[in-house]
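Have a look at the structure below, then the notes.
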Amino acid sequence: MPVVSDISSKQVKEGPHLVGNFTVLGEFKLEPEKKVKQYLPEWLAKPGIIKTDLEKTPVEDLDMLHPCLVEKLKENNISHFFPVQTSILPLILKDCGGQVGFSRTGSPLRDVCVSAPTGSGKTLAYVLPILHILLPRNVCRIRALVVLPVRDLALQVFKVFENYCQGTQLKVKLLGGQQAFEEEQQTLVVEKMAGYLSLVDIIVATPGRLVDHINKTPGFDLSRLRFLVIDEADRMMDNIKQNWLQVVEKHVFKVHNPDDPVKRLDRTRTPEGTQASCDGKKLAFQKLLFSATLSQDPEILQQLKLFQPQLFTTLVSSKHTQNKETKDVSSKKKEKHVKDKQSDLEEGEFVGKYSTPSTLKQLHVECKAMDKPLIVLHCLHNLQYRQILCFTNSVESTHRLYLLIKLYGDVEVREFSSALTVAAREKILQEFAQGKVDMVICSDAMARGIDIDNVQYVILYDRPLHIQNYIHRVGRTARAGKTGTAITILEKREVCTYKAMLRESGKDKFKKLKIKPNKLFSLKPRYNDSLRKLPMILKEEKRGKRTY
Ligand SMILES: Nc1ncnc2c1ncn2[C@@H]1O[C@H](COP(=O)(O)OP(=O)(O)OP(=O)(O)O)[C@@H](O)[C@H]1O
């Protein structure tokens, strides 16, 4: 009779094994869980790198660019291109064949995706090549369409186009709902004996208004569209569910099923009697996508139906942060260094997903929830910070904080919300840029893309829930190579999540804004007074008796 040993007193053997005549199932050592690597398509996994460490290029050096645009740049005090412009401008220009509607070779053009930090100059990276290519056009037709998620952003981009179109024959139009729909229709198309004529070359629009015009404006023709720019592309992908892109493509390709790849490439209806119709050239069409937080989800990107896309991005992963690492590398070695870094990248790693400007200082401060307003007051009254944008997570939180700061007094503070008219919002931004307003408090209405001069500080009063929100909020400062500081106010329990979130943007060192307790203490009497008054004001506002 075999003796079954006392297994509890011995070492546990791994896997099934024999003990005498018995098979003991044994135990299994738990292996550490292996991280599943995401498989990324080649174009996402191996992007083109925007080299941020290279010498700046003077605007005259890009001899491909039309002299009138170079002049305009100089008028606007732009003497050198930013890296994203140095990389993207020649890329788009090299494919233009001199004829407005066609590529150089006549074959379809690859779509371009750009992921670069906030304030790095992405707008001019598409405005300039589009204008350059459209400048020699003979007939006015809609040839460029720029789609943005919200009206304020559309207005901002429209102003840039308008500025650079001045003195040229090109006409740009904003479809943002400032005008009545019928009025807008009249400024887009005119009916003549020979048919409809477009009155605009370039349209800047939000998706809703654009689809309305496509569906309801007779003669609104996208069949000659050369460029479709999707700015804030990751945000726009959320809107894709509204089908705006499907509607646009249906009109660009004039096919019933824009998903049919053969039909899409068959955009061959060249105008009769032109040089191109003899060459058999195809009408060119190119999508240009821009964002500071471009999605890396291939499934989401799939919805954009990109044609042989190419991605360009700045290098930000902590392991590959070139800014730091290339500091001491001589300029000759720099290019090689960037190439090496690119080939070093782990397979499937997407490098350009989330990046913050290198001129941005990022701090956080820990406090109790009830002390959060005191931290803001400390920044304003003790540290004398000015030109502050302060972000909260809700309209209620914005309003409450606004009232508290206002009741405390001695600073000019404004509340910015989507409930305000476009004109009122513009006025606040103007006053802020002129230094007449010390602090603007807002929820995410202002987080994306808005380019305000002179934002020195961004305070994140509530912790943003996603890294994308963080990147866009802090990106309102440290723009165009200027310095800026972002301060995130955190409760103790939020610190870990905050650090984990920032690691996604390649950050592994965290700095605290240190505040001596007595500094907050000195603010308390007046603050408590404001707190006491607050419920009454909120009550009166509710009854409609008072607006503060
Ligand atoms: N080459 C340049 N030289 C100086 N200033 C520039 C240059 N290019 C752009 N700018 C300025 O930099 C600021 C930021 O540019 P822009 O708004 O295009 O940034 P962005 O990359 O689109 O940012 P975001 O991702 O936040 O939308 C603008 O005020 C713009 O006028």
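Please list the non-local residues whose amide H lies under 5 Å from the amide H of V189, H modeled 1.01 Å from N, same-chain partners needing a gap of 5 or more.
L199
With unit charges on the beta carbons (Lys and Arg positive, Asp and Glu negative) and the dipole taken about the Cα centre of the range 360-542, which residue among G475, C379, N454 sits farthest to the positive side?
C379
Pairs K427/K512; K74/K406; K159/K542; K406/K512; K159/K482; K499/K519: which are spaced more than 30 Å apart, C-alpha to C-alpha?
Violating the 30 Å Cα-Cα cut-off are K427/K512; K74/K406; K159/K542.
What would the Debye equation give as log₁₀ I(q)/I(0) for the range 360-542 at q = 0.08, 0.15 Å⁻¹, counting only Cα atoms as equal point scatterers?
For the requested q values the scattering log ratios are -0.24, -0.87.
Under a 5 Å amide H to amide H cut-off, with H placed in plane at 1.01 Å, what residues pair with H364 once short-range neighbours are removed?
The list, which skips near neighbours in sequence, is T488, K511, K512, L513.
Pick out, in residue order, every one of the trypsin sites (Lys or Arg not before Pro) in the range 462-529 that is DSSP loop and has at most 12 other C-beta atoms within 10 Å; say none if there are none.
In loop regions of the range 462-529 (DSSP not H, G, I, E or B), the sparsely surrounded trypsin sites (Lys or Arg not before Pro) are K509, K514.
What ³J(HN,Hα) values, in whole Hz, does the Karplus curve 6.51 cos²θ - 1.76 cosθ + 1.60 give for the range 420-437 when θ = phi - 60°, with x put for Gly and Pro?
Those phi angles translate into 6, 6, 4, 5, 5, 5, 4, 4, 4, 5, 4, 4, 5, 4, 7, x, 7, 10 Hz.
When only DSSP loop residues count, what trypsin sites (Lys or Arg not before Pro) in the range 413-462 have their Cβ near at most 15 other Cβ atoms within 10 Å?
Filter output for the range 413-462: K436.
Every read-out reported here was derived from the displayed coordinates using simple, explicitly stated rules and does not represent laboratory data. Worth saying up front: this structure is predicted, and the values here are computed from it rather than measured. Heads up, the Cβs are rebuilt from the backbone with ideal geometry, glycines too, and the neighbour counts pull from every protein chain shown.
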